[in-house]
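**Student:** Before anything else, here's the structure in question.
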Amino acid sequence: MSVHVVDHPLAQHYLAQLRDVTTQPERFRRISRHLTTLLVIEATRSITQREETVTTPIQDTSVSYLGEGLAAV
């Protein structure tokens, strides 16, 4: 199993707050959600994408959708 170290300043900031004994439970939960979002974004960095064209109010444009289903546990 490979390990990927997330060396992002925002992740380090969130971890510092989670480790701080003075962080109140409500804030701890909020920070945990933010950190989880950041980690999911990092974990899905190399997920397959598919290109499609969509119509916007101005013009047609190329967009990227997830190329496969995504399940997080």
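Throughout, read-outs are computed from the coordinates displayed, never taken from laboratory work. The shown structure was predicted, so the numbers you read here are calculated from the model rather than taken from an experiment. Positions of Cβ are generated from backbone atoms using ideal geometry, with glycine treated the same way; all protein chains shown enter the neighbour counts.
**Student:** Need the full-extension length gain, E42 to R27, defined as separation in residues times 0.36 nm minus the C-alpha distance. One decimal, nm. Don't skip to the end; give the middle numbers.
**Tutor:** Numbers: separation 15, 0.36 × 15 = 5.40 nm, distance 2.26 nm.
Result for the pair: 3.1 nm of gain on full extension.
**Student:** Using Rg and Dmax of the Cα atoms in Å as the read-out, say which of (i) 17.5, 52; (ii) 13.6, 40; (iii) 12.2, 37 was calculated from these coordinates.
**Tutor:** Only one listed value fits the structure, namely (i).
**Student:** Please give the charge dipole size of the chain, origin at the Cα centre, charges +1 on K and R Cβ atoms and -1 on D and E Cβ atoms. Round to the nearest 20 debye.
**Tutor:** That gives the chain a dipole magnitude of about 420 debye.
**Student:** If you take every residue apart from F28 with its C-beta less than 12 Å away from the C-beta of F28, what net charge results, scoring Lys and Arg +1 and Asp and Glu -1?
**Tutor:** Result for the local shell: +3.
**Student:** Would you work out the relative contact order for the chain, in percent, from Cα pairs under 8 angstrom that are 6 or more residues apart? Can you show the working numbers first?
**Tutor:** Values: 47 pairs, mean separation 15.2, N = 73.
Computed over the chain, the figure is 21 percent.
**Student:** Could you please report the charge total around L39, scoring K, R as +1 and D, E as -1 over all other residues with beta-carbon less than 12 angstrom from its beta-carbon?
**Tutor:** +1
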